[in-house]
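Asks: The structure follows.
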Amino acid sequence: MIFNADVMRKIIADLFTAKIVREYGQAGGRRLREVLETVRVIYQQRPAETFTSGLCVIATIDPEDRCLPESSFELEPFAVASKLPNAATVQVLPNRRLLASAGVLDHLTSLSQRAVIYRFTAAEECFVLPNATEVIPNPTGYPSAIGSPTFFLLEKALAYYGHQQARRTTCKLLADCWHDDSNRLLLTNKPEAIMRGSLTQYLRTALRDHAEVFEESNVSETEPVDIKISFMTSGHRSLIEIKWLGRSVSADGAAIATSYWAPARVLKGAKQLADYLDKHGDRSPSVRTVGHLVIFDARREGVTTVSPTISRKQAWAYHDRELDDVAQASREDFAKPVRFYLEPSVP
Amino acid sequence: MSSESAYDSLFVLDAIGFSANGATAGEVQVLSYLGCLMSVYEGQTAEQWGYSFTATRAGAPYAQEIGMSLDQLVRGGFVAVDEPLLQITERGRKELRFASTLPPNGRRRRFLDAATAAALAMPLPSVADALSFEPGLRRALRFVRTKALLDETGVGLLEQQFDTLSETLGNDPATDDLMVPAVVWLTYLASEGNVNRVDA
């Protein structure tokens, strides 16, 4: 890899960690660590979006400085869920002690002269600096870039992705898989790469203890695996094959090009993956390899043109149609197929 | 176990354990390795770190000394096991506080702190993922065999990247905090690595 200095300069210019250290010096860097740690602890116990009227986490540059009103109370770090209201300000004190008060302080800009301030609202997540608001980039579909959840088990990570990222196409990468994002009845031409990219990016940030999440680019009948994962501590591997169901358009968007339906597509995918495991699976007893078949389900009823007009009932016709079992699921090296139902957006 | 690897293990577990509910053995290895890399960035030799790393078959960094230290720290009650996580105990924190006062550990604290701070600024899984593009690890993955990391060739490749990083950062006051170069480097590896990974 040859380093591109221009790309690196852009990263440096945009990085919130760099901006905070430039503003406040080394003391600001120390306070930033405390703020980030506290934000993560809070979001482990309560999702960011439950702070419907905002959350503020503050660490004063002088650790002895106090900035909360007299009504503030000492908060046990693991009592966040029960003690914090839906609008709250938390000050981080030395030795991981926390002080909290109801409501978000309204003089954050002036306070930022002497404190590192994190603020979350439904509209944005940012650090408040004396001369600017530094929005934290959030390429994920989570409400908070800092509070994104992590998982040890791939099955749980996939379940979360299916429910939180794929179901309502919350993932910004996955949004490109639709030909018609307004209604979500038809997939774009060859959406597999988009689905693979979305799931890969999610797993890289969500799956703990992985050594590598590798996205294959040359997927074929004989090389069906889309994503290969290796885990650090166990050394085990997971192989994910992605299939989609529904209809996609031609490259010029003028006609419906491809239709894939269950059970045929699912059975084919299962057989391909099982054949691959038989041929390439690692026979070392110390390295366990498990295959996972993942189905992005965009099936709709009555879609016959690229500008379909169908009823809500037709759009949602497959919502509850779970996949049939596949024979390969009885294998120890083949996990139960996972279905991500992609909801339509038809009113 | 070496005192360095024991110290590093306790430091990492204390630094990220609070926000991450603990760390796996693999994550301790990764962050200790990243600390070692930060010391190379600041001009130390890999040998000065005190113990060496190899690449596992899965492409992750591994130091036998860290593995042994974690086992002994668990046996000694300094670290508790809540599978798959390791968590520092109060006894471990006391030991860490004492060990931090010893001069040999003073300098390595800076590098470990940069590594664990990166794991606060980025999702923890992203740190290991980005690090898989460190030239030594990438070389090891390509050859698909266990390989010593930070040998002469590995350090040479790494220094090319670090020279560019240092030149690009220049006299930026943000570099007062070693967390910043660490996060910039990892962010760069992750962004460029995605392109190279798909096309590989």
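Asks: List pairs: first in region A:1-25 and of a type in the set (Gly, Ala, Ser), second buried (at least 19 other Cβ atoms within 10 Å of the Cβ) and modelled with pLDDT of 95 or more, Cβ under 6 Å, 6+ apart or cross-chain?
Replies: A:Ala18/B:Val180
Asks: Same structure again: Inside region B:144-159, can you point out the residues that are within 13 Å of chain A (Cβ to nearest Cβ), in contact (Cβ under 8 Å) with a residue 24 or more places away in the chain and part of a helix (DSSP H, G or I)?
Replies: B:Leu158, B:Glu159
Asks: Of the residues A:Ile58, A:Ile12, A:Ile20, only one is on the phi < 0 side of the Ramachandran plot, more than 9 Å from chain B (Cβ to nearest Cβ), aliphatic (A, V, I, L, M) and open to solvent by less than 20 Å² (accessible area, probe 1.4 Å); which?
Replies: A:Ile58
Asks: Another question about this same structure. Look at B:Leu124 and say whether it is of a type in the set (A, V, I, L, M, F, W, C), within 8 Å of another protein chain (Cβ to nearest Cβ) and over 30 Å from A:Phe151 (Cβ atoms).
Replies: Against the criterion (of a type in the set (A, V, I, L, M, F, W, C), within 8 Å of another protein chain (Cβ to nearest Cβ) and over 30 Å from A:Phe151 (Cβ atoms)), B:Leu124 does not qualify.
Asks: Quick one: count up the residues across region A:159-178 that are of a type outside the set (Lys, Arg) and out of contact with any helix residue (DSSP H, G or I) (no Cβ under 8 Å at 6 or more places or on another chain).
Replies: Matching residues across region A:159-178 total 6.
Asks: Tally time: how many residues in region B:84-121 are surrounded by 14 or more Cβ atoms within 10 Å (Cβ to Cβ), basic (Lys, Arg) and away from chain A (no Cβ under 14 Å)?
Replies: 2
Asks: From (1) surrounded by fewer than 22 Cβ atoms within 10 Å (Cβ to Cβ); (2) farther than 21 Å from B:Pro123 by Cα, pick out the condition that doesn't hold for A:Thr89.
Replies: A:Thr89 satisfies all of (1) surrounded by fewer than 22 Cβ atoms within 10 Å (Cβ to Cβ); (2) farther than 21 Å from B:Pro123 by Cα except (1).
Asks: Which of the residues that make up region B:99-115 are under 17 Å from the mean Cα position of the chain (by Cα) and more than 15 Å from A:Arg30 (Cβ to Cβ)?
Replies: Residues satisfying the conditions are B:Asn105, B:Gly106, B:Arg107, B:Arg108, B:Phe111, B:Ala115.
Asks: Quick check on this structure: which one of B:Thr164, B:Thr89, B:Thr116 is at pLDDT below 95 and of a type in the set (S, T, N, Q)?
Replies: When all the criteria are applied, what remains is B:Thr164.
Asks: Has region A:283-306 got at least one residue that is surrounded by fewer than 17 Cβ atoms within 10 Å (Cβ to Cβ) and touching a residue at least 60 places away in the same chain (Cβ under 8 Å)?
Replies: Checking region A:283-306: not a single residue is surrounded by fewer than 17 Cβ atoms within 10 Å (Cβ to Cβ) and touching a residue at least 60 places away in the same chain (Cβ under 8 Å).
Asks: Follow-up. Mind checking which residues of region B:173-182 are at the interface with another protein chain (Cβ under 7 Å from one of its Cβ atoms) and outside any helix (DSSP H, G or I)?
Replies: B:Asp177
Asks: Just checking: which of the strands (runs of 3 or more DSSP E) contained wholly in region A:121-233 hold 2 or more residues that are surrounded by 16 or more Cβ atoms within 10 Å (Cβ to Cβ) and acidic (Asp, Glu)?
Replies: Ranges flagged: A:210-215.
Asks: Mind checking whether some residue in region A:284-291 is in a helix (DSSP H, G or I), touching a Lys or Arg at 6+ places or on another chain (Cβ under 6 Å) and not aromatic (Phe, Trp, Tyr)?
Replies: no
Asks: Exactly one condition in (1) out of contact with any strand residue (DSSP E or B) (no Cβ under 9 Å at 6 or more places or on another chain); (2) within 14 Å of another protein chain (Cβ to nearest Cβ); (3) crowded, with 24+ Cβ neighbours inside 10 Å is not met by B:Asp8; state its number.
Replies: (2)
Asks: Here's something else I'd like to know. I'm trying to understand the selection: among the residues of region A:25-40, which are more than 7 Å from every other protein chain (Cβ to nearest Cβ) and either under 22 Å from A:Gly147 (Cβ atoms) or surrounded by 23 or more Cβ atoms within 10 Å (Cβ to Cβ) (or both)?
Replies: Result: A:Gly28, A:Arg30, A:Arg31, A:Leu32, A:Glu34, A:Val35, A:Thr38, A:Val39.
Asks: Right, another one. Does B:Ala130 satisfy being within 16 Å of the chain's Cα centre (by Cα) and within 14 Å of chain A (Cβ to nearest Cβ)?
Replies: For B:Ala130, the condition - within 16 Å of the chain's Cα centre (by Cα) and within 14 Å of chain A (Cβ to nearest Cβ) - is met.
Asks: Additional query: Can you name every residue in region A:234-251 that is more than 14 Å from A:Phe214 (Cα to Cα), more than 11 Å from chain B (Cβ to nearest Cβ) and open to solvent by less than 30 Å² (accessible area, probe 1.4 Å)?
Replies: Within region A:234-251, A:Lys243, A:Trp244, A:Leu245, A:Gly246, A:Ser248, A:Val249, A:Ser250 qualify.
Asks: Does B:Gly17 satisfy being in a helix (DSSP H, G or I), open to solvent by less than 20 Å² (accessible area, probe 1.4 Å) and modelled with pLDDT under 95?
Replies: Yes.
Asks: Would you confirm whether or not region A:100-109 contains a residue that is buried (at least 17 other Cβ atoms within 10 Å of the Cβ) and touching a residue at least 60 places away in the same chain (Cβ under 8 Å)?
Replies: Within region A:100-109 (the criterion being buried (at least 17 other Cβ atoms within 10 Å of the Cβ) and touching a residue at least 60 places away in the same chain (Cβ under 8 Å)), the answer is no, since none of the residues qualifies.
Asks: Ok, one more. Within region B:47-62, which residues are out of contact with any strand residue (DSSP E or B) (no Cβ under 8 Å at 6 or more places or on another chain) and crowded, with 21+ Cβ neighbours inside 10 Å?
Replies: Of everything in region B:47-62, just one residue is out of contact with any strand residue (DSSP E or B) (no Cβ under 8 Å at 6 or more places or on another chain) and crowded, with 21+ Cβ neighbours inside 10 Å, namely B:Trp49.
Asks: One residue is enough: does region B:23-31 have a residue meeting the conditions assigned to a strand (DSSP E or B), under 28 Å from A:Pro149 (Cα atoms), touching a residue at least 24 places away in the same chain (Cβ under 8 Å) and not aliphatic (A, V, I, L, M)?
Replies: So far as region B:23-31 goes, no, none of its residues is assigned to a strand (DSSP E or B), under 28 Å from A:Pro149 (Cα atoms), touching a residue at least 24 places away in the same chain (Cβ under 8 Å) and not aliphatic (A, V, I, L, M).
Asks: Taking B:Glu65, is it within 13 Å of another protein chain (Cβ to nearest Cβ), farther than 21 Å from B:Met122 by Cα and acidic (Asp, Glu)?
Replies: So B:Glu65 fails the test.
The values are calculated or read from the model by the stated rules, or taken from the named source; none is laboratory data. Fair warning: this is a prediction, and the values are worked out from it, not measured in the lab. Quick reminder, even Gly has a Cβ in these numbers, built from the backbone with ideal geometry, and neighbours come from all protein chains shown. Ligands, DNA and RNA are excluded from the accessible area calculation, which covers all protein heavy atoms including side chains. Shrake-Rupley method; radii C 1.70, N 1.55, O 1.52, S 1.80 Å.
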